[in-house]
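K.L.:
Sharing a structure with you now.
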Amino acid sequence: MAKMPWMLAALALVAGVLLDLFAPEPYTGLPLLAAAPLVAGATLSFRSALAVVCVTCVVSVAVDIERGRPATPLFVDLAVVGVIGVLALAVNRLIVRQGRDLALARDVAEAVQRAALPDPPREVGPLAVAAGYTAAQAEARIGGDLFAVQETPFGVRMIIGDVRGKGIAAVAAVSVAIGAFRQEAEYAPNLATLGERMDEAMARTAARSGPVISTEGFTTAVLAEVSADGEVLSLVNRGHPPPYLVHDGQVVRLDPTAPQLPLGVGLGDIAPGGSVAVDVVRLPLGASLLLVTDGVTEARDKRGTFYDPVSSGRMRRRFRDPDALVDALTKDVGRWTEGKHDDDMAILVVTRRRRPPHAV
C-alpha cells in the first residue's frame with residue numbers, strides 16, 4: 001500500500017508522455033502530465049512531491065522538444081505544469097498541517113475520555129475485574145459507552161451504560177453519568193434508590209443545558225451490586241442490553257423482570273406498582289458477571305444476524321480470569337462481524353474469586 005501513491009504518480013506521468021508522443025494532433029498528454037504532481041502532492045511527502053514536480057517539468061520540456069514544438073507552446077506547457085506543481089506542493093503542506101491538527105484533536109479527546117472514564121481497578125472486594133473498549137472505527141477514539149466499578153459500604157457497585165450521541169457531547173454526558181454514579185453509590189441504600197438519584201442528577205444537568213426533548217440526552221444502563229461476601233448479585237436494568245452470568249461453561253442471560261426507562265429521561269420508572277424492580281441472583285464462586293453495551297448485542301454477521309453470547313459455542317467454556325473472558329468475547333464478536341463494527345463496544349467483567357483477598 002505504501003507504494004500505491006508512487007505508482008499512481010508514475011502512471012499519470014507515463015500515460016501523459018505516451019499520449020504526447022503518439023496521440024494524433026491536437027490531442028496531447030498535458031492533462032495527465034499535470035495530474036502527476038497533483039497525485040504526488042496529495043499522497044506523498046513534501047520532498048517526494050517536489051521531486052515529482054521537478055521530474056514532470058523536465059519531462060514536459062523533453063517531450064515538447066522531441067515533438068518539435070515551437071518555443072511558445074513549450075514554455076506554455078512548462079508554465080502549466082509548473083503552476084500546477086506549485087499548487088500541489090501548497091496542497092501538500094495544507095494536508096500535513098490538517099493531519100497534525102486532527103491528530104492533536106484526537107489526542108486531546110482521548111485524554112478527556114480517559115479522565116472521564118478511567119480503567120477500573122483490577123481487584124475490588126471479593127471480585128476480580130477486567131474491562132475492554134473497542135471503537136467502531138480505528139480513527140474514532142471517543143464515544144458514549146461507559147463503565148465503572150466502586151467499593152461502597154453496601155458492597156461492590158458497578159455500572160455499564162451507553163449515552164445517546166457521539167463525540168465531545170457524548171463524553172460530557174459520560175462525565176455526568178460517572179460523576180453521579182460515584183457520588184450516589186456511596187450513600188444510596190439500595191440500587192433502586194441509586195438509579196432514582198442518578199436519574200434526577202442527570203435530568204437536572206440536561207435541564208440546565210436548555211430545552212431537551214424526552215427522547216434526547218438519555219443513558220441506558222445496568223446497575224449491579226455484589227454483596228461484601230460475594231454471594232449475592234443485585235441488578236437494576238434501565239433500558240440497557242441485559243448482562244450475562246458465565247459459569248462452568250454456561251452463559252445465562254439475566255433479563256430484567258420488568259422494563260424500565262433509561263436514566264436522564266426524567267419520567268421515573270415503569271415497573272408494576274410504581275417501584276423499581278431489583279433482580280437478585282446468586283453469584284457462585286468462580287462465576288463471572290458479563291456486562292456489555294449494544295456494540296456486542298447488535299453486532300451482525302454478513303447475513304444480518306445479531307450476535308448472541310448465549311448461543312456462541314466459543315463462549316461456552318471455562319475462563320481462567322475476567323481478562324480471558326473479555327478477550328474471548330472481543331475476538332468472537334470480531335469473527336462474527338468479520339472485523340466490522342457499526343457501534344462502539346464496551347465490555348465489563350467481574351469474577352467472584354475462589355480465594356478471598358490476600359489469601360495465601
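K.L.:
Would you kindly state how much longer the chain becomes between Leu104 and Glu123 on full extension, computed as 0.36 nm times their sequence separation minus their alpha carbon distance, in nm to one decimal?
P.N.:
That works out to 3.5 nm of additional length.
K.L.:
Shifting gears a bit: Take each of the peptides 177-184, 118-125, 236-243, average the number of other beta-carbon atoms within 10 Å over its residues, and list them starting from the highest.
P.N.:
Going from most to least packed, we get 236-243, 177-184, 118-125.
K.L.:
Give me the net charge for the shell around Thr337: Cβ to Cβ below 15 angstrom, other residues only, Lys and Arg +1, Asp and Glu -1.
P.N.:
Within the 15 Å Cβ shell, the charges total -2.
K.L.:
What nm distance separates the two modelled labels at Ala207 and Ile95, each placed 7 Å from Cα along Cα→Cβ?
P.N.:
5.2
K.L.:
What ranking do 300-306, 68-74, 8-14, 194-200 get when scored by the average of other Cβ atoms within 10 Å per residue, highest first?
P.N.:
Highest to lowest by the protection proxy: 194-200, 8-14, 68-74, 300-306.
K.L.:
To continue, here is another question. Cβ under 11 Å from Leu289's Cβ, Leu289 left aside: what net charge do those residues give with Lys, Arg +1 and Asp, Glu -1?
P.N.:
0
Just so you know, all these numbers are worked out from the coordinates, no wet-lab data involved. In this text, all values refer to a predicted model and were calculated from it rather than measured experimentally. Here the Cβ is made from the backbone with ideal geometry for all residues, glycine too, and neighbour counts use every protein chain on show.
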